[in-house]
1. Would you say residue 115 is in a helix (DSSP H, G or I) and within 30 Å of residue 56 (Cβ to Cβ)?
2. Do we have residue 81 as out of contact with any helix residue (DSSP H, G or I) (no Cβ under 6 Å at 6 or more places or on another chain) and basic (Lys, Arg) here?
3. Examine region 104-113 for a residue that is within 21 Å of residue 28 (Cβ to Cβ), at pLDDT 85 or above and surrounded by 11 or more Cβ atoms within 10 Å (Cβ to Cβ), and state whether such a residue exists.
4. Do we find a residue being buried (at least 18 other Cβ atoms within 10 Å of the Cβ), under 22 Å from residue 27 (Cβ atoms) and of a type in the set (Ser, Thr, Tyr) anywhere in region 83-93?
5. Here is a check on your reading of the model: is residue 150 under 27 Å from residue 42 (Cβ atoms), aromatic (Phe, Trp, Tyr), modelled with pLDDT of 90 or more and in a helix (DSSP H, G or I)?
6. For residue 14, which of the numbered conditions (1) more than 18 Å from residue 154 (Cα to Cα); (2) of a type outside the set (Ser, Thr, Tyr); (3) at pLDDT 85 or above fails to hold?
7. Determine which single condition residue 78 fails, assuming it passes every other condition in (1) touching a residue at least 40 places away in the same chain (Cβ under 8 Å); (2) aliphatic (A, V, I, L, M); (3) assigned to a helix (DSSP H, G or I).
8. Please go through region 119-153 and pick out each residue that is more than 16 Å from residue 62 (Cβ to Cβ), under 14 Å from the mean Cα position of the chain (by Cα) and in contact (Cβ under 8 Å) with a residue 24 or more places away in the chain.
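The values are calculated or read from the model by the stated rules, or taken from the named source; none is laboratory data. As the structure is a prediction and not an experimental result, all values here were calculated from the model. Note that we place each Cβ from the backbone using ideal geometry, even for glycine, and neighbour counts take in every protein chain shown.
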Amino acid sequence: MNLLLICFIFGQSPIVYFGILFCFMHAILSTLMFFLVDLVQKRFGTRLTTELSGIIHICPNLGLAIIFMCLCFLALPVTLKFTCEFALFAGIIDVSFIIFFIICSVTNWIAPIAFCKSWYGILFSTPNRKYGKVLDLDFKEISIVSTCLFLLTVPCTLSVGIL
């Protein structure tokens, strides 16, 4: 959100455009994250990372959805987040290399490592025996996750084409 504030403070036309696109991306990615956490809560009865383990072994579709959400969060080149951050960083580097370096370090290295490390333990560790038979995602939940992932990848190519 600090990137968004910086984007609107500079007020240059392309940066404001990518700021609006960043708002759209943030809304979709946050929706997906909250939805996935709700799915975990409903299936396992907890959101505590110390109690959850081996989700990908117990619920493979839910585990894959979490992996794809993490990949979108990491701003891979085919995602909308990559497009937004690339444009914002290009605008910031014109202003100051030091500010660019600090913001780039935090948003691309420190925050993602901390975020994904917790999900990695939840996904790939040895499954907790207390959660023996848990239902995987149904069609409605898969379609919601797929729609969010579609919106996080396809508008990326469209937004670059518009500019």
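1. Values: in a helix (DSSP H, G or I): yes; within 30 Å of residue 56 (Cβ to Cβ): yes.
Criteria met by residue 115.
2. no
3. Applying the first criterion (within 21 Å of residue 28 (Cβ to Cβ)) to region 104-113 yields 107-108, 111-112.
Next cut, at pLDDT 85 or above only: none.
No: region 104-113 contains no residue that is within 21 Å of residue 28 (Cβ to Cβ), at pLDDT 85 or above and surrounded by 11 or more Cβ atoms within 10 Å (Cβ to Cβ).
4. yes
5. yes
6. (3)
7. Here residue 78 clears every test but (3).
8. Result: 151, 152, 153.
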